[in-house]
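**Q** Dumping the structure here so I can ask a few things about it.
The values are calculated or read from the model by the stated rules, or taken from the named source; none is laboratory data. This structure is a prediction, so every number in the text was calculated from the model and none was measured. Here the Cβ positions follow ideal geometry from the backbone for every residue, glycine too, while neighbour counts run over all protein chains shown.
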Amino acid sequence: MDHIKFVILSIALSLAACGAPSAHDENGVSEVTEETSERPNSSDDNPFAPSQIDYPAADPLLGFIDARNMQSLSGEWNLIVDPMGVGDPGSLFGGFTQNRQPSTDMDLIEYNYETSPTVRVPGDFNTQDERLFFYQGRVWYFTTFEATPADNTRLHLWFGGANFKTTVFLNGKGIGEHDGGYVPFSFDITDTSVSGTNTLIVRVDNRLTEGSVPTTRTDWWPYGGLVRDVALVETPAGFIRNAKIALKDRDAGLIEAIVETANIQAGEEVALSLPELSIRETAQTDANGQATFAFNAEPDLWSPASPQLYDVTFSAGEDRISDRVGFRTIETRGQELLLNGTPLKLKGISTHEEAIARDGVAYSETDVRGLLAEAKALNANFVRAAHYPYSRHMAKAADEMGLLLWEEIPVYWNIDWDNDATLASARNLMDRLVRRDWNRASVIVWSVANETPHSEARLAFLNQLVSDVRAMDETRLVSAALFGNPRDELREVALYIAARGLARSDTPESARAVFSAIVAQAGDHAPQPDDLLTLTITDPLGEILDVVGYNEYFGWYYSALFAQQMGVGEDVLRPIMLDLMANIRISASVDKPLIISEFGAGAKHGHPGSGVWSEAYQAQVYEAQIEMLRNSPQVQGMTPWILKDFRAMLRTLPGVQNYRNRKGLIDENGNRKQAFDVLQEFYSEEW
């Protein structure tokens, strides 16, 4: 009987393999056809395990996307939710890689794209169906498109970003895979598409792992799906893949540009035009298909006060692309930041990529302009786009609206520093972000990490990312948001709290006894109540950065931490800390500009009283922070946390958080809290 079961299972396995990709064909795509009878790269004989298939990687980044001959695929796509991986090709269940339809009522097919629910693309799937709100797993998207390939052209399938692992099947073939969220990727489908109707199926898996970037725990929502635009892009057979242009020497007016081509022979002419500056230059491609330019011009420099942009056009062979670009310089001089040679203070705010008055990813230009308009209303000149790359609309809108940008990849908290695949993923994200936005004048900081604990492996990992960024782009600053070494750096703060607490008449006797013991133990090293405390950030990563970012939460998390360690109530300690902050000076151990990349406190809009979660207490924290940072001479900018309340699975408190981080200056509907006015007033002043 067992033998008969084995034979039946073997037959089922052979049938299930129909539709599984075989080895790559001559065009580099994986076949997914009914004739396929093998399970390639299977690691064992488990009939329930899907095939382990190596799909082609995405092409190098295709730049200037909005200047291309583009056909949008945005709209309603059918969606199948697949938590068990039933649709994975090569499994016993056959896979979902084709839009199969029964030819008779006796055909057994256990999925149907065309009768499945639909979701909007672009957009995350979590907020389009309440059943998917917490879902992390595989989903399958389905749509069709019409194509009429022209002679001597290439057709590219372009994704603005998908979270987090994406596998693409076109007309029954696995054409490629991209692992990593938020950034654009594309595949050349010239030889896979057909004239007429094409069937496009996309598997997106938003599960995170210990080795992914980001890892499994994030203080933001890991929205899944096709979160950015999807489009068909047609180029000539020989085309410009990307181009970079920047002001390299302000005093000399020296502008340099590099043009990257594909399928264009060495020695071909490439032209660059800046009509408003009466510039037209030509250069020839080298053996690598690159053309380089260097010329002098006198552009009006881009700044928040005057966001001047110019039309630039690049042409090579039959291809022609254009953009609006600004020219400016950003540099450091000791502890100063200089924009166009003039000292600059960054009056900033941090953001997440969530729309106002709608849950989910801010995927449209309207969404990001709404966020940036609130930043402008704060009198901000700088936005930290944390903790991952946003859509391309963010930097383009910032260019036009006159806001400086910090852009970041999700190397967040404790990445698997010793994992080569993790490093490769981080490098890919950094590469695609930089190459997408290296012509955006608004972007002045590339950030390689946020709040990562020190280790030698971490230092080597981030040093590689910093080196990569500098090799791609020397016209911007490199930073990271550090949290220092709290165990050592905050130890002295407890002593100052105790001294300040003893000087207050409202300190209860129980707390006074604790503070007296701490001061007595310090002996001659005990401070006076009004002594200044200089807190120095010593993270060795600062040595290789251009600008040191520092996240600190005096008045919020730190108050709770010290209260627990000292054994005194938070009701006692929080007023003491707010009082002490005026006497704290924050600095870094390196002679470089310091940006306070995070500070803040949670508040629910309309929450009554003056305790935690109230607007009043959040405003008090902002007032104390401003006093502390105003008097910290090395601090050249700040991006408080955060503009808007945002979704976060970590934040569960019923009635207050409800799975939202409440540190926003506005709530999810755009209602402003008291702290908004506090920061707005400070930013209206000279600093």
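**Q** Quick check, is ARG470 farther than 20 Å from GLU570 by Cβ and surrounded by 19 or more Cβ atoms within 10 Å (Cβ to Cβ)? Break it down into steps so the answer makes sense when it comes.
**A** Details: farther than 20 Å from GLU570 by Cβ: yes; surrounded by 19 or more Cβ atoms within 10 Å (Cβ to Cβ): no.
Answer is no for this residue.
**Q** Looking at the stretch 57-99, which of its residues are part of a strand (DSSP E or B) and of a type in the set (Gly, Ala, Ser)?
**A** ALA57, SER72, GLY75
**Q** In addition: Restricting to the stretch 361-375, name every residue that is closer than 12 Å to ALA397 by Cα and not in a loop (DSSP other than H, G, I, E, B).
**A** GLU365, THR366, ASP367, VAL368, ARG369, GLY370, LEU371, LEU372, ALA373, listed by residue number.
**Q** Same structure, new question: Taking the stretch 341-357 on its own, how many of its residues are farther than 17 Å from ILE642 by Cα and touching a residue at least 60 places away in the same chain (Cβ under 8 Å)?
**A** 3
**Q** Can you pull out the residues in the stretch 585-608 that are touching a Phe, Trp or Tyr at 6+ places or on another chain (Cβ under 8 Å), in a loop (DSSP other than H, G, I, E, B) and among the small types (Gly, Ala, Ser)?
**A** Selection gives GLY600, ALA601, GLY602.
**Q** So which of GLY523, GLY567, GLY555, GLY542 ends up being in contact (Cβ under 8 Å) with a residue 60 or more places away in the chain and either more than 22 Å from GLN618 (Cβ to Cβ) or not small (Gly, Ala, Ser) (or both)? Before the answer, list the steps.
**A** Values: GLY523 fails: in contact (Cβ under 8 Å) with a residue 60 or more places away in the chain; GLY567 fails: in contact (Cβ under 8 Å) with a residue 60 or more places away in the chain; GLY555 fails: either more than 22 Å from GLN618 (Cβ to Cβ) or not small (Gly, Ala, Ser) (or both).
When all the criteria are applied, what remains is GLY542.
**Q** Looking only at the stretch 552-580, which residues are among the aliphatic types (A, V, I, L, M) and surrounded by fewer than 20 Cβ atoms within 10 Å (Cβ to Cβ)? It would help to see each step written out before you state the result.
**A** Step one: of the stretch 552-580, the residues among the aliphatic types (A, V, I, L, M) are 560-561, 563, 566, 568, 572-573, 576-578, 580.
Result: ALA560, LEU561, MET566.
**Q** Turning to a different aspect of this structure: Got a number for residues in the stretch 249-298 being under 22 Å from ILE444 (Cβ atoms), under 31 Å from the mean Cα position of the chain (by Cα) and touching a residue at least 12 places away in the same chain (Cβ under 8 Å)?
**A** Number satisfying all stated conditions: 5.
Matching residues to (1) more than 13 Å from ALA588 (Cβ to Cβ); (2) in a helix (DSSP H, G or I); (3) among the aromatic types (Phe, Trp, Tyr); (4) within 33 Å of the chain's Cα centre (by Cα):
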position	(1), (2), (3), (4)
ASP488	yes, yes, no, yes
ALA494	yes, yes, no, no
ALA499	yes, yes, no, no
SER505	yes, no, no, no
ARG512	yes, yes, no, no
ILE518	yes, yes, no, no
ASP531	yes, no, no, no
LEU541	no, yes, no, yes
GLY549	no, no, no, yes
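**Q** Working only within the stretch 610-653, note down all residues that are farther than 25 Å from THR534 by Cα, surrounded by 20 or more Cβ atoms within 10 Å (Cβ to Cβ) and under 27 Å from the mean Cα position of the chain (by Cα).
**A** Within the stretch 610-653, ILE642, LEU643, LYS644, ASP645, PHE646, ARG647 meet the criteria.
**Q** Something else about it: Can you pull out every residue in the stretch 228-257 that is over 19 Å from ASP286 (Cβ atoms) and β-branched (Val, Ile, Thr)?
**A** Once the filter is applied, which keeps residues that are over 19 Å from ASP286 (Cβ atoms) and β-branched (Val, Ile, Thr), the stretch 228-257 yields VAL230, VAL233, THR235, ILE255.
Yes/no per residue for (1) in a strand (DSSP E or B); (2) of a type in the set (Gly, Ala, Ser):
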| position | (1), (2) |
| --- | --- |
| THR261 | yes, no |
| ALA266 | no, yes |
| ALA271 | yes, yes |
| PHE295 | yes, no |
| ASP300 | no, no |
| ASP323 | yes, no |
| PHE327 | no, no |
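Per-residue answers, yes or no, for (1) farther than 28 Å from SER516 by Cβ; (2) of a type in the set (A, V, I, L, M):
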{"position": "ILE544", "(1), (2)": "yes, yes"}
{"position": "GLU623", "(1), (2)": "yes, no"}
{"position": "MET628", "(1), (2)": "no, yes"}
{"position": "GLN634", "(1), (2)": "yes, no"}
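**Q** Can we say ALA522 is at pLDDT 95 or above and either surrounded by fewer than 21 Cβ atoms within 10 Å (Cβ to Cβ) or of a type in the set (S, T, N, Q) (or both)? Spell out the reasoning first.
**A** Numbers: at pLDDT 95 or above: no; either surrounded by fewer than 21 Cβ atoms within 10 Å (Cβ to Cβ) or of a type in the set (S, T, N, Q) (or both): yes.
Taking the combined requirement at face value, the residue does not satisfy it.
**Q** Return the residues of the stretch 406-438 that are at negative phi, surrounded by fewer than 24 Cβ atoms within 10 Å (Cβ to Cβ) and outside any helix (DSSP H, G or I); say none if nothing qualifies.
**A** Of everything in the stretch 406-438, those that are at negative phi, surrounded by fewer than 24 Cβ atoms within 10 Å (Cβ to Cβ) and outside any helix (DSSP H, G or I) turn out to be TYR412, ASN414, ASP416, TRP417, ASP418, ASN419, TRP438.
**Q** Next up: Restricting attention to the stretch 46-61, does a residue exist that is crowded, with 19+ Cβ neighbours inside 10 Å, under 30 Å from THR261 (Cα atoms) and out of contact with any helix residue (DSSP H, G or I) (no Cβ under 6 Å at 6 or more places or on another chain)?
**A** yes
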